[in-house]
Amino acid sequence: MLEARNLSLIYRNERNDEYYALRDVNFLANHGEMVGMIGPSGSGKSSLLYILSGLKKPTVGTVYYQDRALEGMSYNDLAEIRRKEYGFIFQRHFLIDYLSVLDNVLAVVNQSQKAWHNTAINLLEILGIADFANQKPYKMSVGQRQKVAIARALVNQPKVIFADEPTASLDHSNARMVMDILASLKGQTTILVATHDYSILEQADRVVHMWDGRTIKTTLPSSLPKSTENV
Ligand SMILES: Nc1ncnc2c1ncn2[C@@H]1O[C@H](COP(=O)(O)OP(=O)(O)O)[C@@H](O)[C@H]1O
Ligand SMILES: [Mg+2]
């Protein structure tokens, strides 16, 4: 469904030294799978996620979405896929402060259709922030704002969700709620979650471990260290 072959992402500094943010990475996510990417800060998780989503171009290598190379696509085709088939949850939530919460969620879809409106309200209810629907997001806490961003990522019922540290601004119980919502989409939706927090990946189908720009191994979440209850 989503595959990358031989990806490298190379930055050059002012002395023209090469620095590999990613080196020779291969990646595959099947339809409906939840795949975690885990690794310390700087290991290349965000770079890989942005390249897989077509937001960033690799220096070397190719990404295939449903067997089509992103590289060969026109800007418009790629933009159309991103708008209709992808959902994004970023670490920083990029909400529009002069729109209401509801309008932020609806900003990515054709707002004139009543069905989207109902879907959006429904998502806000599930996330426990429906009371804020007509308020401006700057009045909300960081965690509540992250939930708005999550509702926005889900409203178009995407085929693939790209989530970069989606729980970074949430406390443990809210982080769990968000991961439960994402996990409930498994089967229909492919979900990629980049994080340094292995405790949120218990429901992943596979976990790709990254280190220094490389993928070093793929495991089941059951082989990750157990979260705090066992410490
Ligand atoms: N625009 C950039 N210019 C130079 N180096 C960058 C840039 N963006 C990221 N990097 C470097 O690439 C490496 C991987 O970064 P990143 O993908 O953000 O890792 P992670 O998400 O795992 O923390 C890091 O060493 C980072 O400093
Ligand atoms: Mg990152």
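Points worth noting:
- Segment 130-149, residues that are open to solvent by less than 10 Å² (accessible area, probe 1.4 Å) and modelled with pLDDT of 90 or more: Ala133, Pro137, Val148, Ala149
- Test result for Asp171, touching a Leu at 6+ places or on another chain (Cβ under 9 Å), open to solvent by 60 Å² or more (accessible area, probe 1.4 Å) and either over 19 Å from Phe88 (Cα atoms) or among the charged types (D, E, K, R) (or both): no
- Those residues of segment 1-15 which are surrounded by fewer than 11 Cβ atoms within 10 Å (Cβ to Cβ) and either among the acidic types (Asp, Glu) or within 13 Å of ligand 1 (Cβ to nearest atom) (or both), in sequence order: Arg12, Asn13, Glu14
- A single entry from Leu78, Leu55, Leu102 fulfils the requirement of being hydrophobic (A, V, I, L, M, F, W, C), out of contact with any Gly (no Cβ under 7 Å at 6 or more places or on another chain), away from ligand 2 (no atom under 16 Å from the Cβ) and over 21 Å from Leu185 (Cα atoms): Leu102.
- Flag if Ile191 is in contact (Cβ under 8 Å) with a residue 40 or more places away in the chain, in contact with a helix residue (DSSP H, G or I) (Cβ under 8 Å, 6 or more places away or on another chain) and assigned to a helix (DSSP H, G or I): no
- Residues of segment 20-50 satisfying the condition of being more than 7 Å from ligand 1 (Cβ to nearest atom), open to solvent by 30 Å² or more (accessible area, probe 1.4 Å) and part of a helix (DSSP H, G or I): Tyr50
- In summary, Lys57 fulfils each of the numbered conditions (1) closer than 26 Å to Thr167 by Cβ; (2) basic (Lys, Arg); (3) within 16 Å of ligand 1 (Cβ to nearest atom) with the single exception of condition (1).
The values are calculated or read from the model by the stated rules, or taken from the named source; none is laboratory data. All figures in this text were calculated on a predicted structure; none of them were measured in a lab. So basically every Cβ, Gly included, is an ideal-geometry build from the backbone, and we count neighbours across all protein chains shown. SASA here: full protein model, heavy atoms, side chains in, ligands and nucleic acids out. Shrake-Rupley method; radii C 1.70, N 1.55, O 1.52, S 1.80 Å.
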